[in-house]
Every structure is written in C-alpha cells, then in structure tokens.
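Here's the structure, in structure tokens; my notes come after.
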Amino acid sequence: MKIIVDFDLCESNAICMAIAPDVFEVRDDDFLYILNENPDESERALIEECVHRCPKQAISIE
C-alpha cells in the first residue's frame, strides 16, 4: 500500500499523527510529513482510520 496526501487540501491538524505517529509527523514548521510512504500491511487499519478521520479528506491509500 502507498499513502497519498493531497498537500493542497491538508491543514496539518495532526489528527493522522495522533493515530499513526510512525507514519505521519507535523513538524515545527506546521507542515505534514510522511515518514513512511509504504507502511507495512499490518498498519492498514491505522492508515484507514487516518483516511476516514482526516477533516479535509486529504489522505488516501493506493
């Protein structure tokens, strides 16, 4: 699986980081960074939660 973030939509509100801190990080510059673009399949449930809870629907899985 590959994580896709539409950075034009992303507000860097860190909900995804709270759910999957090994995958997402909002840094001091207030931008979201993907720490692991291709996480292990064992993390799929967490990533799907990030997709569903993103208020701007900026995250998707490919």
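None of the figures in this text is laboratory data; all of them are computed from the coordinates on show. Just so you know, these numbers come straight off a predicted model, no measurement behind them. Ideal geometry is used to build each Cβ from the backbone, glycine not excepted, and the neighbour counts take in all protein chains shown.
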Residue count, the range 38-61 (criterion: over 12 Å from MET17 (Cβ atoms) and over 9 Å from the mean Cα position of the chain (by Cα)): 15
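Being touching a helix residue (DSSP H, G or I) at 6+ places or on another chain (Cβ under 9 Å) and of a type in the set (Lys, Arg) is the requirement here; does ARG53 meet it? Explain how you work it out, then say what you get.
Details: touching a helix residue (DSSP H, G or I) at 6+ places or on another chain (Cβ under 9 Å): yes; of a type in the set (Lys, Arg): yes.
The answer is yes for ARG53.
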Residue tally, condition within 16 Å of ILE61 (Cβ to Cβ) and basic (Lys, Arg), over the range 1-35: 1
Index of the failed condition, ILE4 passing every other in (1) more than 9 Å from the chain's Cα centre (by Cα); (2) surrounded by 12 or more Cβ atoms within 10 Å (Cβ to Cβ); (3) hydrophobic (A, V, I, L, M, F, W, C); (4) not in a helix (DSSP H, G or I): (1)
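Of everything in the range 9-48 that's in contact (Cβ under 8 Å) with a residue 40 or more places away in the chain and in a helix (DSSP H, G or I), which residue is surrounded by the fewest Cβ atoms within 10 Å (Cβ to Cβ)?
Residues of the range 9-48 that are in contact (Cβ under 8 Å) with a residue 40 or more places away in the chain, as a first pass: 9-11, 13, 15-16, 41, 44, 47.
Adding the requirement that they be in a helix (DSSP H, G or I) leaves 15-16, 41, 44, 47.
Working: ILE15: 18, CYS16: 27, GLU41: 9, ARG44: 12, ILE47: 22.
By that ranking, first place goes to GLU41.
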